[in-house]
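Visitor: Can you read through this structure? Questions will come right after.
The values are calculated or read from the model by the stated rules, or taken from the named source; none is laboratory data. Computed from a predicted model, the values in this text were never measured in an experiment. Neighbour counts run over all protein chains shown; Cβ positions are idealised from the backbone, glycine included. Protein only, heavy atoms only, side chains kept; ligands, DNA and RNA dropped before computing areas. Shrake-Rupley method; radii C 1.70, N 1.55, O 1.52, S 1.80 Å.
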Amino acid sequence: MEQRVCDDFGPDGFGWIVDEPMTRTSHALASDGKVWLVDALDSAEAIERALELGEPAGVVQLLDRHNRDCAALAARFGVPHAVVPDELPESPFTFVPVMRRKRWRESALWWPERRTLVVADALGTNRFYTAGKAPLGVHVLMRLKPPRALAAFEPERILVGHGEGVYGPEAAGALRDAVAESRRRLPGVLVRLPFAGRS
């Protein structure tokens with residue numbers, strides 16, 4: 001797999017992304033000498049860089065089916081593997097329930113100190129989510145009932161499990177717009193979906 005670094009936010013962490021149509025993205029989040037891996041794929045270079053940010057404190061899996069390499073990495077470093085958590089003690093993060101269904105359980109991570117929102121699957125930035133028409137989009141299967149609880153946040157940084165993040169003053173507006181326009185934009189997304197994997 002060809003992977004590259006993305007979402008570089010200095011001492012707070014970074015992401016790494018697979019160059020493929022689904023653009024699977026993983027993140028390392030660092031605070032107070034500790035680092036947490038989120039929805040992580042095992043990449044030797046990325047993991048080495050993450051360890052430079054701090055001591056491993058945990059592996060967070062925000063979506064039940066985002067197994068990726070989370071369990072293996074947690075076992076390697078001897079740290080907890082938190083699957084769709086509601087809380088994570090001794091961390092700077094809080095969690096928001098996004099979906100609680102039998103075949104889709106998902107939490108979003110909110111890092112209030114850094115105004116950072118991390119969303120595994122409900123939101124994304126690649127063409128499968130946006131059809132190339134917006135910076136951020138809702139998963140096609142959630143567009144009729146979008147995750148409105150997320151729109152209450154005012155992030156300066158939105159990190160997603162599929163695609164590169166959204167940063168800066170426009171991030172909060174992009175989030176509100178993605179949720180508010182989710183249903184209206186569904187027909188356009190469906191029309192363009194067969195072509196989403198093309199560059």
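Visitor: Determine whether region 125-143 contains at least one residue that is closer than 29 Å to Asp32 by Cα, crowded, with 16+ Cβ neighbours inside 10 Å and touching a His at 6+ places or on another chain (Cβ under 7 Å).
Guide: We begin by selecting, within region 125-143, every residue closer than 29 Å to Asp32 by Cα; these are none.
No: region 125-143 contains no residue that is closer than 29 Å to Asp32 by Cα, crowded, with 16+ Cβ neighbours inside 10 Å and touching a His at 6+ places or on another chain (Cβ under 7 Å).
Conditions (1) in contact with a strand residue (DSSP E or B) (Cβ under 7 Å, 6 or more places away or on another chain); (2) surrounded by fewer than 23 Cβ atoms within 10 Å (Cβ to Cβ); (3) assigned to a strand (DSSP E or B); (4) of a type outside the set (Phe, Trp, Tyr), marked per residue:
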{"site": "Asp8", "(1), (2), (3), (4)": "yes, yes, no, yes"}
{"site": "Phe14", "(1), (2), (3), (4)": "yes, yes, yes, no"}
{"site": "Pro21", "(1), (2), (3), (4)": "no, yes, no, yes"}
{"site": "Trp36", "(1), (2), (3), (4)": "yes, no, yes, no"}
{"site": "Ala46", "(1), (2), (3), (4)": "yes, yes, no, yes"}
{"site": "Glu52", "(1), (2), (3), (4)": "no, yes, no, yes"}
{"site": "Val59", "(1), (2), (3), (4)": "yes, no, yes, yes"}
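Visitor: Could I ask something else about it? Mind checking which residues of region 26-40 are within 17 Å of Leu109 (Cβ to Cβ) and not hydroxyl-bearing (Ser, Thr, Tyr)?
Guide: Passing the criteria: His27, Ala28, Leu29, Ala30, Asp32, Lys34, Val35, Trp36, Leu37, Val38, Asp39, Ala40.
Visitor: What about Leu41, is it in contact with a Lys or Arg (Cβ under 6 Å, 6 or more places away or on another chain) and either modelled with pLDDT of 95 or more or crowded, with 21+ Cβ neighbours inside 10 Å (or both)? Explain how you work it out, then say what you get.
Guide: On the way: in contact with a Lys or Arg (Cβ under 6 Å, 6 or more places away or on another chain): yes; either modelled with pLDDT of 95 or more or crowded, with 21+ Cβ neighbours inside 10 Å (or both): yes.
So Leu41 passes the test.
Visitor: Test Ser91 against the criterion of being more than 15 Å from the chain's Cα centre (by Cα) and hydroxyl-bearing (Ser, Thr, Tyr), and give yes or no.
Guide: Yes, satisfied.
Visitor: Give the residue, chosen from Arg68, Arg76, Arg4, that is open to solvent by 20 Å² or more (accessible area, probe 1.4 Å), assigned to a strand (DSSP E or B) and among the basic types (Lys, Arg). Lay out the reasoning, then the answer.
Guide: Values: Arg68 fails: assigned to a strand (DSSP E or B); Arg76 fails: assigned to a strand (DSSP E or B).
Every option except Arg4 fails the conditions.
Visitor: In region 83-110, what residues are in contact (Cβ under 8 Å) with a residue 60 or more places away in the chain, touching a helix residue (DSSP H, G or I) at 6+ places or on another chain (Cβ under 9 Å) and open to solvent by less than 30 Å² (accessible area, probe 1.4 Å)?
Guide: The answer is Phe93, and nothing else.
Visitor: Among the residues of region 23-34, how many are part of a strand (DSSP E or B), out of contact with any Lys or Arg (no Cβ under 8 Å at 6 or more places or on another chain) and closer than 17 Å to Val160 by Cβ?
Guide: 3
Visitor: Taking only region 111-122 into account, find how many residues are open to solvent by 30 Å² or more (accessible area, probe 1.4 Å) and not basic (Lys, Arg). Before you say what the answer is, go through the steps one by one.
Guide: The initial filter retains those residues of region 111-122 that are open to solvent by 30 Å² or more (accessible area, probe 1.4 Å), namely 112-115.
Restricting the remaining residues to those that are not basic (Lys, Arg) gives 112-113.
Looking only at that region, the number is 2.
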